[in-house]
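Enquirer: Dropping a structure here in structure tokens format, bear with me for questions.
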Amino acid sequence: MWHFVSPNIVFGEGALHSLEELTGKRALIVTDNNLVQIGIAERVTSYLIKAGFDIQIFDEVEPDPTTQTVIKGAVAAGEFKPDWIVGLGGGSPLDAAKAAWVLYERPDLQPADINPFIKLGLRKKSRLITIPTTSGTGAEVTWGIVLTDAENQRKMGLGNRENAADIAVVDPAMAAGMPPQLTADTGMDALTHAIEGYICTWHTDITDGLCLNAARDILQYLPQAYEASQSEKPDQDHYKKAREKMHNAAAAAGLGFGNAMASMAHAMGHTLGSIFHLPHGRAVGIVLPYTIEFAAQNAPQRINELTAALGIQTPKGKAGQALASHVREISRGVGLPGKIADAGIDEGEFNSQLDKLVDDAFNDTQMITALRTPSFQELEQLFKYAYHGQPVDF
């Protein structure tokens, strides 16, 4: 038996106008200070004010939000007593909003207590809206929450089906101003979600279609969206279409992997990002081709199916290499590093942290659904191959 969880999704041009239809008295916006400074938060508040809401903004969310931050957000909610909590931003503010909402509803819990196996009993005080401003994390439609344990330098995969948003507003205009680096990082995050959601061992008939279509669109439109982010005329029709396709594909990939799981690239990327402070999309994007090659050595069937469905030309018995090569080509085209060394990580520092990298990745929840489960030694070797850019041959 499987569950499929999804918010009510309002998407497409002008979707933000749907905020005027909300009913309630108070809305707490959970976001980061940058989105306040550049006026994105004001665009959201203007619609909520038209709907009659009093507004408060909690804008202290940092990249890779910590448990301490979401506790502060919950305290702010407890003081303001909102009917709606509005997560606004990329994956960090959206995850922080989910966690702060849970702790506001359940002040008896600590962040680490949020897990799939308990009944939370949410929606007695408020409900949740998510509004993504990047095209990548899919956090607007997933119930997963990733928080950082700053003391132990590790990311924690938390969440419960109850804490999926009530409404996700997926308006491409909110992502139109993404700069090139953010476009690339979040685009590779979405591609990793789509590919891993398709090949992980918990995939289903329902999630397969979402992941496949998302992967197809991302491979086609990410280069155009990246080009748009560098263009002096980003409002040209083909650029607007690319932005919209990427925004929708990120949500579709989120629905897909969020109801299946991710896999090894996320397990490795989580620990790589937390120790060396790489953006999440960049971290998982770097290691994705290596995990594809590793899985294809022993369990090629799903990768064969995906490669064929994507129309990637594949020599017989080489689907893993072909898919990994295609991912690397897309990644290079949007200016991302193809190996860990090129991400600016010193080899000596990498080696000094290698045991922790392997330990944390091995114990990450996303390792459970790996198409091929590595041994400790194999995972260590895989990190080394990814550091040096060596195609996987074991």
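Coordinate-derived values only; no laboratory data. Nothing here was measured: the structure is a model prediction, and the numbers come from that model. Heads up, the Cβs are rebuilt from the backbone with ideal geometry, glycines too, and the neighbour counts pull from every protein chain shown.
Enquirer: Please report 268, 1, 188, 156 as a ranked list, fewest other C-beta atoms within 10 angstrom at the top and most at the bottom. Numbers along the way, then the final one.
Expert: On the way: 268 31, 1 2, 188 28, 156 19.
The fewest-first ordering by Cβ neighbours comes to 1, 156, 188, 268.
Enquirer: How large is ³J(HN,Hα), in whole Hz, for each residue of segment 65-79 in order, when computed from phi with the Karplus curve 6.51 cos²θ - 1.76 cosθ + 1.60 and θ = phi - 60°, using x for Gly and Pro?
Expert: Working through the residues one at a time gives x, 8, 4, 5, 5, 6, 5, 4, x, 5, 5, 4, 5, x, 7 Hz.
Enquirer: A further question on this structure: Only loop residues by DSSP count here, and only those with at most 12 other Cβ atoms within 10 Å; note down the trypsin sites (Lys or Arg not before Pro) in segment 7-73 that meet that. Before the final figure, lay out the partial values.
Expert: Values: sites: 25, 26, 43, 50, 72; in loops: 25.
For trypsin sites (Lys or Arg not before Pro) across segment 7-73 that sit outside H, G, I, E and B with at most 12 neighbouring Cβ atoms in 10 Å, the list reads 25.
Enquirer: Can I ask one more? Using 1/(1 + (r/R0)^6) with R0 = 41 angstrom and r between the beta carbons of residue 318 and residue 352, what's the FRET efficiency to the nearest 0.05?
Expert: Details: r = 36 Å, r/R0 = 0.88.
For R0 = 41 Å, the calculated efficiency reads 0.70.
Enquirer: Over segment 8-175, what is the percentage of antiparallel beta bridges among all DSSP beta bridges, to the nearest 5? List each step's numbers first, then the result.
Expert: Numbers: 7 of 29 bridges.
Of the beta bridges lying entirely in segment 8-175, close to 25 percent run antiparallel.
Enquirer: In addition: For segment 100-165, which GluC sites (Glu not before Pro) pass both filters: DSSP loop (anything but H, G, I, E, B) and at most 14 other C-beta atoms within 10 Å?
Expert: Values: sites: 105, 140, 151, 162; in loops: 140, 151.
Sites meeting the loop and neighbour criteria: 151.
Enquirer: Within a 10 angstrom radius of the beta carbon, how do 247, 388 rank from fewest other beta carbons to most? Present the calculation step by step, with values, prior to reporting the outcome.
Expert: Numbers: 247 30, 388 12.
Taking fewest neighbouring Cβ atoms as first place, the list is 388, 247.
Enquirer: Which shape class, rounded, prolate or oblate, goes with the chain when its Cα gyration tensor gives a ≥ b ≥ c as root eigenvalues, a/c under 1.5 marks rounded, and past that a/b bigger than b/c marks prolate?
Expert: Working: a/c = 1.73, a/b = 1.41, b/c = 1.23.
In terms of gyration-tensor shape, prolate.
Enquirer: Starting from 0.36 nm per residue, how many nanometres of slack lie between residue 373 and residue 166 once their C-alpha separation is accounted for?
Expert: Values: separation 207, 0.36 × 207 = 74.52 nm, distance 3.52 nm.
Extra length available between residue 373 and residue 166 comes to 71.0 nm.
Enquirer: For residue 3 and residue 109, what does the FRET efficiency come to when R0 = 25 Å and r is the distance between their Cβ atoms, rounded to the nearest 0.05? Don't skip to the answer; put the middle values down first.
Expert: Values: r = 22 Å, r/R0 = 0.87.
With a Förster radius of 25 Å, E is 0.70.
Enquirer: Highest GNM mean-square fluctuation, the chain, Cα pairs closer than 10 Å: which of 139, 242, 262?
Expert: In this elastic network of the chain, the residue with the biggest mean-square fluctuation among 139, 242, 262 is 242.
Enquirer: Using only helices, what value at 222 nm comes out for the chain when you add -39,500 (n - 2.57) per DSSP H run of length 4 or more and divide by the total residues, to the nearest 500 deg cm²/dmol?
Expert: Numbers: 14 runs with 197 residues, N = 394.
That calculation yields -16000 deg cm²/dmol at 222 nm.
Enquirer: Using 7 Å Cα-to-Cβ label points, what is the residue 206/residue 240 separation (nm, one decimal)?
Expert: It is 3.5 nm.
Enquirer: Additional query: First measure r as the distance between the Cβ atoms of residue 81 and residue 152, then evaluate 1/(1 + (r/R0)^6) with R0 = 30 Å and state the FRET efficiency to the nearest 0.05. Walk me through the numbers on the way to the answer.
Expert: Numbers: r = 33 Å, r/R0 = 1.11.
It comes to 0.35.
Enquirer: Could you name the lysines in cross-link range of residue 125, using Cα to Cα under 20 Å and dropping any fewer than eight places away on the same chain?
Expert: Of all the lysines, those that pass the test against residue 125 - Cα under 20 Å, at least 8 places apart if same chain - are 25, 72, 81, 98.
Enquirer: Please report 325, 263, 135 as a ranked list, fewest other C-beta atoms within 10 angstrom at the top and most at the bottom. Write down the numbers at each step before the final one.
Expert: Numbers: 325 17, 263 31, 135 34.
Ascending number of Cβ neighbours within 10 Å: 325, 263, 135.
Enquirer: Which GluC sites (Glu not before Pro) from segment 183-257 combine a DSSP loop assignment with at most 16 other Cβ atoms within 10 Å?
Expert: Answer in residue order: 232.
Enquirer: Between residue 33 and residue 297, what is the label-to-label distance in nm when each label sits 7 Å out along the Cα-to-Cβ direction?
Expert: Each label point is offset 7 Å from its Cα along the Cβ direction, giving 4.6 nm.
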